[in-house]
Every structure is written in structure tokens, then in C-alpha cells.
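Engineer: Got a structure for you, written out below as C-alpha cells; questions coming shortly.
No value in this document is a laboratory result; all are computed from the given coordinates. Bear in mind that the values here come from a model prediction, so they are computed numbers and not experimental data. Heads up, the Cβs are rebuilt from the backbone with ideal geometry, glycines too, and the neighbour counts pull from every protein chain shown.
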């Protein structure tokens, strides 16, 4: 069946809004389809061809003390299910305490739209099987074992409300990732990936080549002592850091609740001038859905502008409460976590990866971080491990592979010590949710606090 | 109900008719309710429903999976279509097979399982649940330095119908509830959060609403509020090497990350390297490797009452079981699936393959995994411990490497042991270690009076990531020679 098209999604949503007896009703449809295969040395290990259409209903009942709000969701657009969701939402709202702080649903807005790539949505398993065979063969030639995933799919979002919102957009995504490891899974590994909006822009052979080369260069890794190192972080390492600023920091709610590294620093230049981060759903490299989960148009929002802590993202409720502009970053409502960036973009610099490395007397090239997590939101202090290729740099050149290290470092410190930004950007994710468009970064004095035996 | 079983059966039959050599199908209907109050306002009242069918088939040694939401009309056609899509997936991928997949045993069970429930959470009036949360949230009022007060409750009812080409016909009704409170204080230039009975939404138990009322959250509010404020004024836990006593709401994470995940046999064989990682607990260590001291006994148990993964059968139709993962300190067993049991010479899976809902294929997941109780009373343990040791509890932050060796965890709160008692409060106790060395340092575990199942409602694994739930039983335990780091 695939993702719902504009007509189908808006018809379902409008029909539900029209049939609601609540004073305010908002219907959001999140429709997804995906075809993926994971693989290892044994061949395909897991696969799925699946779709889902999650219909979310939010209703408000007016009351003398404010608005009573309830919400419900269901899987699929079947009339019985969506009507059931509406009934459950109204039932919850009837019993909910009135909330005088709830702003009325926002009125009509020109939310924009986007379309998915048909070739990506139609991409099947036979070509993916060829990618898998190629990866297995390439790894075997170097006595390596593969672990990877090939993925294509799309998502559509529709928002219709009784206040006049009506928005629909859809996008596609294709990705391929490979980790090439020594057969004992101990003696070094290499990782490469590519995430694009259109499968035609994916070059799986290039990903395979890069992952294998990384792994071959990662044999016989040496242990190095923890301490401060100049690091060149490749995009897949940078993303693990920047995503955490998105999870906890770049939201106006985080600042209001004193849980952000922006607290007391907004408007101040405390970071390197070469660092600029924005939330930008319109970035040509990897455009996002142009409106949020309330149907509010996403604004390109500078968050760090040439080292200045420049702003935060908001949603309708927080914009109303604080009297600021709605940047269009609502999560599916209601959400206790408040607004959140969805399309983080780090501005490119002017150096190639080789030039970034050439500027290091002694330091480390980091391919990827693993299991990064947040210790202190006020300084954005994070910890995590290096993974899948960490290499010593000496006199501006890669020297030898090193065993993995744990970093414990605050980003308020690290991002004030950036000495170089790559000119090539890539879309990268991390262990948890989200993806970032980012170049590589070179940072002085990055703190590693312990090591491991591999 | 029978209709749903017939639907699953129809999908299986269609897959077989089209050439599959094995097929299983799961219809899953899941109802949830999420309620949250924040600073006196309703922050969330959400009632999700999930309803769909997932079909897994094998052909020429290659598995394929497909899934779709269930509709009111045309269900037979839907079941057949999903089965055909799963088969097409397997067929198109079969050209890349190097080693054909095989399944351990034959699991053609016809059975029912229902979580024992005293109070059906979906029969409790919403107003009553909200009043319970209101009282819990209000119990944290009274100090302006507390900037965020939260109280939340979560109920879930999952009904599933499984059928397989081996003749399985299994109907299960799984119910769980959870609730918790948290206070965030801003004072003295610090922001700190305290939670009860655990962080990340509290504690979750397989069973009914009785597990929420028994938490008596309103009785905990004043303590939680005061500890959040006190943490803002507390000294940072100093770095150094010393004895650590972990409370249950932190120890459960230690079990989860440093024993549970490395014990998943698919990880061990490199099938999760693409995201979650592999494992140091390789098969050559089974039966011989010293995982911890001889007081360390870790038992996996999908049958224990109250566990979040307590069920009759896993998503491969394998009955629930109980076995030692670590026995008297020695590495003794793995979590397996029917695909992986043969890799360690076992003829039957441990029954730990699960999928998140109907949308995903099953993979090996940690089941309820517990550190078995020891012999100590808590006060006796503290009294027996030297000055300078730290008692720490409640998960704040966790990170562990891809082979599950080097970990670094931060707790919400700690206290320094002084003169055989808990002394000054310590902020952000952060300890770092290596899995087997850490467990080897365990020399005392509190007894069953202090033992409790702690629910993990947010375990992520797989790629694309799937969320699973499980419980970890723990009583406070003492670990020697632990490295504390500045954080």
C-alpha cells in the first residue's frame, strides 16, 4: 500500500475533524513505509517490507477554568479505528483537569509541502541483495566480516485542525551503512555510510570501499594513554555530539526550565567563530518535512551563529507563553518534552578532511562515537566511546590505528576550541534518534578519560 | 478473538501455499494510556492503539518479513497480501544467502497465557487515575526552588495471536503498569533532578493498577523534593578508587548493560555490529569464564511474576524459561532464539526472541534478568563498610562500549559512608569500570527483604531500533575497588 497520498491522508483527517463534537480538534497522520535488509557474513539476517499509518487525534473541550485536553492514536486509517481514537480522546478530555494555560489551536498557515522520490519508494529487495553480495565479497577479499543495513522508504505527514490548518508533505530516504570488522570482532573495524533523499544518489560501492579501507587501516591498533588530544572528528562522530544539543539544549523549554547549556549565554559569543548550527528543514542536502506536528511552518532557526549562542526552537504553546515567534518545532502533541529541533545543520567550512588532518601535529582522527550520553545539560557534558576506526595523527599525517578511548567532555568547552571545519558535509545519525547534516570538525584539547582493550 | 487467530493462520497458509518452507504470523492489538501531570497542569493524556499483522517466512534458507495495519474490511486479502510480500522479500534476498538460516526445535504449541492482574488498569476510571497523580504531584509542592514537578502513569494491554506452520496457535494477554514522580530543583547555581521510585517514568511491573497504588507515590513526594534541593548544595562526588554500594534502581541498569546485552547470542556473533555492537562474552567463555565473584548469581526468567517480559511464549512460539546466565560467578548461559540456539549446541531456544509490536521482525531481547539476593541486611552492609565508601542510587546517565566492557554510569544521588552510616550527600556520583572486573569486586548482596523487580520500559536494540521491556531484580550490593571519575 505504501505511504498515504495527499488526497487519502487529508480526506481521512478532514473527515475526522468534521465529525468531532469537541470544541477544538486536531488530527495528525504519520504514514511510513520501509524496505530494509540487514546483513552479515552469513548473508541477509533480517528484513522487512512494512508500512504503518499512525493517526493521532487531539481534542479540547472548553470549560470555565480553561481547556480540557485529551489525545489518542491508532494504527491505520480504518474508519472504526480512527473513530475509536476520536472517542477515546474525547473521553480522556472529559476527565482531564481544565488547563487555563492552553492556547487555542493556531489558525491557518501556509505550511509548504514536499514530494518523495518515486524511484526510492519503489526500490525493492533485488538491488539490495546485490549490494549485500558486493559487501560480503569485498570484506571476504580482505579477511573481514560485514555487518550492515540497506534501507529505502518514505514518510508522509498530514495535519488538519478545526482551526483551519491543512497541511501535507512527503519525503523519501535511502541509506546504506557498512561496518567491516576483523573476523574475531576484536581486531579493528571500519565504518562508512551514506544517507540521501533519493536512492539514485546512493553509491553503495563507494560506501563499501570506504568501510573496508577504514578497517584495513585499523589493524594492529596500539593503545594510547587517555588525556587531551587535538581531534579531527568525521561527520559520523560530530553527529553524536550535535544531536545531544538537540535532545537537550536548543529548545526554549530547556532554557526556561534551566536545563540547557544556553542558559545565561544567549547572545554571547562563547564558542569558536567557525561554528554555526541551525535547524533548517530547507537545506538542499537533506530537506525535511517543512512543517511541524502542529502544521506550523518550520523556520530556518539559527541556534549557534559564528560562535554566538543565537537562539532556540519553539512551538505554538511556548511561543504563545513567551511572546516569541513560533519557529515550527512542535513534537507530536501533547508532549511534556516541549519543542525539539528536527533538521540540525552544521555550517561547512573551507578545508578538506586531508587539510584538517594536515593541521594536526599530534592528535586523533575519530570515525565514529558509540553510546554517547549526557552527564550535565548546563555544560552539555557528554561521554562516549570511539568506534570503528580511530587513528593517530602525527606531523599532519595518519600514523597508526589506536585502540578505542572514552571521552568525557563538555561541548561548551570543546566547541570553543574548534580550529577547523570541513567543507564537505554528510548526513549522519548516531545510536539514538535523529540525523544531522554536518562537516568534520577539528578541535583542540579534546578530553579522553579512559581506554579499553580493543 | 478467534477471528484474529484465523487471520494469523490464513497468512501462514498462504505463505506455505506460495512456497515458504516455514512461516509464522502474529496479530498484535495493543492499547496504552499515558497520563502525566507537570507543575499542576495536565501535560499528557494519550491513549494509543496499535493493531496490525506481521508475517515472517523462510524460503531457501532466507527469512523475509512483512507487516501492515489491520483493517475492518478485507482482512483475508490483507493477510494473504502480507504473506506474499514477506515471501517476495525472502525470495529476492535469497541470492545473497551464504549460510542458510535454520530453526532449532519444533514449537507447535496450542496455548493461552494471561498476565495475573488484580485491578484491570483500563477499568479504573480516568478521574481516579488523574487524582492519584495529582496527589503525587502535589506532594512535591512547597519549595520554590523546585522548578519542575512531574507525576506520570502508564498502562498497557497487549493481546497477541500467533500461528505458525508448525501448528502453533498461541493467544496471550499481557498487561503492565508503571508510575513515578520526579522533581527538578535549581539552586546554588546547580540544577538537579530526583526521582522515585526510579528515573525515566518510575517503576513498571507486569500486572495491574494495583502496582501503581502500591507505590504510594504521594508518600514519597516530600523526600524527592527535598533531596532534589539538597543535591544542588551537595558536594560533587570526588574522583578516586573506593568501595561502591549500589541501590537497586541503579543496579538494575548495571545488570542490563553489562550482563544483559552482552549475553544476547546474536550480538556475540556479530549480527548487531551495524549499530548496537558485539560482545566480549564470546562462546569460548561459556562455562569457564569468571564473570564475577562467587556471590554473583544472575538468573534469566521469563516466568517470574511481575516481570515486564513475563509471558507464556516468545514471538517464535517458544515457551518461557528460567536459567542461570551467571552461576556462582561463572558464565553459564545465553539469551538465544531459534535461529541461534544451534550456535552453542543447544537443541532448543531459550525463548527470548521478541518484536516490538506487529511492525517489526523478532530479534533476541533480554528477558527478565536478575541478580539473586544475598544474605545481608542493608543497615548491616553499611555498618560493615569503611569510611569513604559511597552508596549511590538511581539512573542518571549511562554509556558503555560496543563490546560491553568499558562503562561509565552516573547516578542521581549518593551518600558517603561514615562511621558505619550514610553521611554527607554527594552530587552526580559517576563510576567507570570494565565489566568482569567490576562484577569480580562484588562481595556482598542484600537479602530478599531488599530485593525487588525494576522495570526497564525503554530498552533499544536492532536496526531500525526496536523498543522492548524487561525487568531486573536486584537488592543493594557492594563492589570493591571501583573507579570514580570527575563528571
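Engineer: How large is the translational diffusion coefficient of the range B:81-196 in µm² per second when you combine the Kirkwood radius over alpha carbon pairs with Stokes-Einstein at 20 °C and 1.002 mPa s?
Structural biologist: Answer, rounded: 109 µm²/s.
Engineer: Let me ask something else. Which shape class, rounded, prolate or oblate, goes with the range B:158-229 when its Cα gyration tensor gives a ≥ b ≥ c as root eigenvalues, a/c under 1.5 marks rounded, and past that a/b bigger than b/c marks prolate?
Structural biologist: It is prolate, given that a/c is not under 1.5 and a/b is the larger ratio.
Engineer: Compute the distance from the alpha-carbon center of the range B:29-63 to that of the range B:121-141, in whole Å.
Structural biologist: Centre-to-centre distance over Cα atoms comes out at 22 Å.
Engineer: With equal scatterers on the alpha carbons only and no solvent term, can you work out the Debye log10 of I(q)/I(0) for chain A at 0.07, 0.09 1/Å?
Structural biologist: Log10 I(q)/I(0), no solvent term: -0.39, -0.64.
Engineer: Let me ask you something else. Quick one: Cα centre-to-centre distance for the range A:18-52 and the range A:110-150, in angstrom?
Structural biologist: Between the Cα centres of the range A:18-52 and the range A:110-150 lies a distance of 18 Å.
Engineer: Taking the Cα of residue B:305, stepping 7 Å toward and past its beta carbon, and measuring to each backbone N in the range B:451-483: which are under 15 Å?
Structural biologist: B:452-453
Engineer: Let me ask you something else. Based on the alpha carbon coordinates of the range A:154-229, what radius of gyration and maximum Cα-Cα distance (Dmax) apply, in Å?
Structural biologist: Spelled out, the Cα radius of gyration and Dmax of the range A:154-229 are 20.8, 64 Å.
Engineer: Ok, one more. Mind checking the angle between helix B:75-93 and chain B's longest principal axis? C-alpha axes, 0 to 90 degrees, to the nearest 10.
Structural biologist: 90
Engineer: Hey, what's the Kirkwood Rh for the range A:221-454 if you take every pair of different alpha carbons, in angstrom?
Structural biologist: 17.9
Engineer: On a 0 to 90° scale, report how tilted helix B:126-138 is relative to the longest principal axis of chain B, with both axes built from alpha carbons and the result rounded to the nearest 10.
Structural biologist: Between helix and principal axis, roughly 30 degrees.
Engineer: In whole angstrom, how long is each semi-axis of the equivalent ellipsoid of the range A:1-141, when you take the square root of 5 times every eigenvalue of its Cα gyration tensor and sort them from largest down?
Structural biologist: 43, 16, 14
Engineer: Would you work out the relative contact order for the range A:320-454, in percent, from Cα pairs under 8 angstrom that are 6 or more residues apart?
Structural biologist: 25
Engineer: With an 8 Å cut-off on Cα pairs and a minimum separation of 6 or more residues, tell me the relative contact order of chain A in percent.
Structural biologist: Taking the mean separation of contacting Cα pairs over the length of chain A, I get 15 percent.
Engineer: Mind checking Rg over Rh on the range B:1-101, alpha carbons, Kirkwood formula for Rh?
Structural biologist: 1.20
Engineer: Taking other Cβ within 10 Å of each residue's Cβ, how do B:424, A:68 sort, fewest first?
Structural biologist: Ascending Cβ contact count within 10 Å gives the list B:424, A:68.
Engineer: Let me ask you something else. Could you let me know the centre-to-centre spacing of the range B:277-326 and the range B:191-242, using Cα atoms, in angstrom?
Structural biologist: Cα centroid to Cα centroid, the span is 28 Å.
Engineer: I need A:392, A:1, B:140 ordered by Cβ neighbour count within 10 Å, fewest first.
Structural biologist: Placing the least packed residue first, the sequence is A:1, A:392, B:140.
Engineer: Also, I was wondering about something else. Just from the alpha-carbon atoms, what are the Rg and Dmax of the range B:285-362 in angstroms?
Structural biologist: 13.6, 42
Engineer: Taking a ≥ b ≥ c as the square roots of the Cα gyration tensor eigenvalues, with a/c under 1.5 meaning rounded and otherwise prolate when a/b beats b/c, else oblate, which class fits the range A:338-454?
Structural biologist: Cα axes put the range A:338-454 in the oblate bin.
Engineer: With labels modelled as points extended 7 Å from the Cα through the Cβ direction, what inter-label distance (nm, one decimal) is found for residue A:270 paired with residue B:102?
Structural biologist: If labels sit at residue A:270 and residue B:102, their model points lie 6.1 nm apart.
Engineer: Same structure, new question: Quick one: grab the alpha carbon gyration tensor of the protein assembly as shown, order the square roots of its eigenvalues as a ≥ b ≥ c, and give me rounded if a/c is under 1.5, else prolate or oblate depending on whether a/b is larger than b/c.
Structural biologist: Rounded.
Engineer: Roughly how tilted is helix A:235-247, in degrees to the nearest 10 and between 0 and 90, from the longest Cα axis of chain A?
Structural biologist: 30
Engineer: Normalised radius of gyration for the range B:236-484, please: alpha carbon Rg relative to 2.2 N^0.38 Å, two decimal places.
Structural biologist: After normalising by residue count via 2.2 N^0.38 Å, the value is 0.99.
Engineer: When averaged across all projection directions, what area in nm² does the alpha-carbon convex hull of the range A:279-408 cover?
Structural biologist: 10.2
Engineer: Related question: At a threshold of 8 angstrom on Cα-Cα distance, excluding pairs fewer than six apart, so keeping six or more, what relative contact order does the range B:1-132 reach in percent?
Structural biologist: Over the range B:1-132, the number comes to 22 percent.
Engineer: For the range B:2-233, what log10 I(q)/I(0) values come out of the Debye formula at q = 0.11, 0.12, 0.17, 0.18 1/Å, with one point per alpha carbon and no solvent?
Structural biologist: Ignoring solvent entirely, the Cα scatterers give -0.70, -0.76, -1.04, -1.12.
Engineer: Right, another one. To the nearest 500 deg cm²/dmol, what mean residue ellipticity at 222 nm is calculated for the protein assembly as shown from DSSP H runs of n ≥ 4 alone, each contributing -39,500 (n - 2.57), summed and divided by the residues?
Structural biologist: After summing the helix terms and dividing by the residues of the protein assembly as shown, the value is -6000 deg cm²/dmol.
Engineer: Still on this structure, please answer the following. List, largest first, the extents of the alpha carbons of chain B along their principal axes, each in whole Å.
Structural biologist: That gives 73, 55, 35 Å along the principal axes, largest extent first.
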